[in-house]
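Novice: I have a structure here, written as structure tokens, and I will follow up with some questions on it.
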Amino acid sequence: MSGAAAERFAPRMARLREAMAAGGCDAFLADHAELIAWISGYTVSETLYRAVIVPMEGEPCFVLRSIDAGPCRSGVWFDEVATFDDHEDPQGAVANALAARGLAGARIGVDPVSYGHTVATAQRLGELLPDARFVPLPGLSDRLRACKFADEIDAIAAAAAIADRCMLGLEDHVPPGRTVREVAAAAAAAQLWLGADDGGPGPILVSGGHGTGGHVDFLHGSGLDRTLMPGDIVHVELTPRVGNYGARLMRPVFVGDPPAGARETFQQLAELQDRQIAAMRPGAKARDVDALLRTAVLDAGLRADYGNVTGYAMGLYARTPRPSDFSQSFHPGADFPLEPGQVFHMYASARGVAVSETVLVTDAEPRRLTVCPRRPMEG
């Protein structure tokens, strides 16, 4: 990468090294998928273990399969890339890279909450580097990325614009007789044409209407081959990513006349969520913001219970088993304060309809990055 790219990553490295210094670490071993992408500019699957070594001084070193070396060197902003062949021991390659940099007996920070840092990996590294001290820094991989830099917000905003245009493009194109699969395919194609990284549209399914009683709150995709009928509610959640940064947007699409009360339910949810979003200011506690929606929905009788969160962190999505980031989420026990630069997917659902937005916390008013009209879409 260019010198400009190195400058772009410098604030991220400074934030990481500040945390390393606070933990008394000589180096940090990043194996959390999103953190790897955040500090290096390159993401890769964990077909075999891979990691980035970050010393307190000097350039990082990416350790990964030799077959991935070319794309990695093109993607990262630094020069150090160490490789291993597929028949070799990945943890052994990481241990060798640490030793080659004089870190075999160092204090090495690790995040035990990282999906990449399994018990087997921790044990193997301990065996290979008996003189090293591994310093646990639980959750650091997510905390470092909680407040976004300007370039990250720009990428999320670009993804949000794609979600807005795609959602509006679905309106008037979800008639009776079409299958849910056809709706999902149209959304996927539209997102690709509009510039998204891939065509994954997110969950699209019939959440209420014909044959359901209109009270279905399961919002994860299923039933792609169902044929839409008048009175159905198609739940659409769009999840486009630009440069691996994602935004999310939910709206119901009414196929013909919706079930009785569906429009009123949407309006109630939108008004309650408007109050919740307005409270998303620096210093506000997440549990208090959550209560503004959760308590009101229950008091209004829109739901009998509320077991899910009302919002969660948005940002970088690398190749990880985690499709949603709950490292910071809104629920009754969430005591973290909101800070400028945080981005969240805030969502509300009841009786087969849902509404959601991607929201940025700023120094002043909260800012909706998704700006699609807050109304049901008409199929």
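Novice: Convex hull over the alpha-carbon atoms of the chain: what's its volume per residue in Å³?
Specialist: Once divided by residue count, the hull of the chain is 143 Å³.
Novice: With just the Cα atoms of the range 117-218, tell me how far they stretch along each of the three principal axes, in Å, largest first.
Specialist: That works out to 67, 37, 22 Å along the principal axes.
Novice: Can I ask one more? For the range 40-155, what proportion of DSSP beta bridges, expressed in % and rounded to the nearest 5, is antiparallel?
Specialist: Of the beta bridges lying entirely in the range 40-155, close to 25 percent run antiparallel.
Novice: Let me ask something additional. Hey, can you find the accessible area per residue of the chain for me, probe 1.4 Å, expressed in square angstrom?
Specialist: Numbers: 15320 Å² over 379 residues.
Per residue, the chain has an accessible area of 40 Å².
Novice: At a 10 angstrom cut-off on C-beta neighbours, averaged per residue, how do the peptides 192-201, 25-34 rank from highest to lowest?
Specialist: With the highest mean Cβ count within 10 Å placed first, the list reads 25-34, 192-201.
Novice: Where in the range 40-85 are there GluC sites (Glu not before Pro) that are in a DSSP coil and have at most 11 other Cβ atoms within 10 angstrom of their Cβ? Can you show the working numbers first?
Specialist: Values: sites: Glu46, Glu57, Glu80; in loops: Glu46, Glu57, Glu80.
Those satisfying the criteria are Glu57.
Novice: If you look at just the Cα atoms of the range 235-284, how large are its Rg and its Dmax in Å?
Specialist: Radius of gyration, then largest Cα-Cα span, for the range 235-284: 14.9, 44 Å.
Novice: With angles folded into 0 to 90 degrees, how steeply does helix 119-128 sit against the dominant principal axis of the chain? Use alpha carbons for both and round to 10.
Specialist: 10
Novice: Here's a follow-up. Which trypsin sites (Lys or Arg not before Pro) in the range 248-346 pass both tests, a DSSP loop state and at most 14 other beta-carbon atoms within 10 Å? Before the final figure, lay out the partial values.
Specialist: Working: sites: Arg248, Arg263, Arg275, Lys285, Arg287, Arg294, Arg303, Arg319; in loops: Arg248, Arg303, Arg319.
The qualifying sites are Arg319.
Novice: Next up: With a 1.4 Å probe and every protein chain left in place, tell me how much accessible area Ser324 has, in Å² to the nearest 10.
Specialist: Only protein atoms counted, so the area is about 30 Å².
Novice: I need the P(r) histogram for the range 63-142: all alpha carbon pairs, bin width 5 Å from 0 out to the longest distance, whole percents.
Specialist: All Cα pairs considered, the percentages come to 3, 14, 21, 22, 24, 14, 2.
Novice: When DSSP assigns beta bridges and you keep just the ones with both residues in the chain, what percent turn out antiparallel, to the nearest 5?
Specialist: For the chain, the DSSP antiparallel bridge percentage is about 75.
Novice: Of all DSSP beta bridges in the range 1-107, what percent run antiparallel (nearest 5)?
Specialist: Given both bridge residues lie in the range 1-107, the antiparallel proportion sits at roughly 65 percent.
Novice: Rounded, prolate or oblate: which fits the range 148-293 when a ≥ b ≥ c are the square roots of the eigenvalues of the alpha-carbon gyration tensor, with rounded for a/c under 1.5 and prolate only if a/b beats b/c?
Specialist: Details: a/c = 2.44, a/b = 1.21, b/c = 2.01.
Note, shape of the range 148-293 comes out oblate.
Novice: Restricting everything to alpha-carbon atoms, can you work out Rg to Rh for the range 250-377 with a Kirkwood hydrodynamic radius?
Specialist: Using Cα coordinates only, the ratio equals 0.97.
Novice: In debye to the nearest 20, how big a dipole does the chain give about its Cα centre with +1 on each Lys and Arg Cβ and -1 on each Asp and Glu Cβ?
Specialist: My answer is approximately 500 debye.
Novice: Follow-up question, since we're still on this one. Can you give the direction-averaged projected area of the convex hull of the alpha-carbon atoms in the range 22-72, in nm²? Walk me through the numbers before you get to the answer.
Specialist: Details: hull surface 15.4 nm².
Average of the hull's projected areas for the range 22-72 equals 3.9 nm².
Novice: Rounded to a whole number, what % of the accessible area of the chain do carbon and sulfur atoms account for, probe 1.4 Å?
Specialist: In the chain, the share of accessible area belonging to carbon and sulfur is 53 percent.
Novice: Could you work out the helix-only [θ] at 222 nm for the chain, with each DSSP H run of four or more residues adding -39,500 (n - 2.57) and the total divided by the number of residues, to the nearest 500 deg cm²/dmol?
Specialist: The helix-only estimate for the chain comes to -10500 deg cm²/dmol at 222 nm.
Novice: Calculate the tail of P(r) for the range 75-115: the fraction of all Cα-Cα distances greater than 11 Å, expressed in %.
Specialist: 74
Novice: Set the Förster distance to 51 Å, then compute FRET efficiency between Glu127 and Glu378 from the Cβ-Cβ distance, nearest 0.05. Kindly include the intermediate steps, with their values, before the conclusion.
Specialist: Details: r = 62 Å, r/R0 = 1.22.
Once rounded, the FRET efficiency stands at 0.25.
The values are calculated or read from the model by the stated rules, or taken from the named source; none is laboratory data. Bear in mind the structure is a predicted one, so any value in this text is a computation, not a measurement. Neighbour counts are summed over all protein chains in view; Cβ atoms, including those assigned to glycine, are modelled from backbone coordinates with ideal geometry. Heads up: the accessible areas ignore ligands, DNA and RNA and are worked out on the full protein's heavy atoms, side chains in. Shrake-Rupley method; radii C 1.70, N 1.55, O 1.52, S 1.80 Å.
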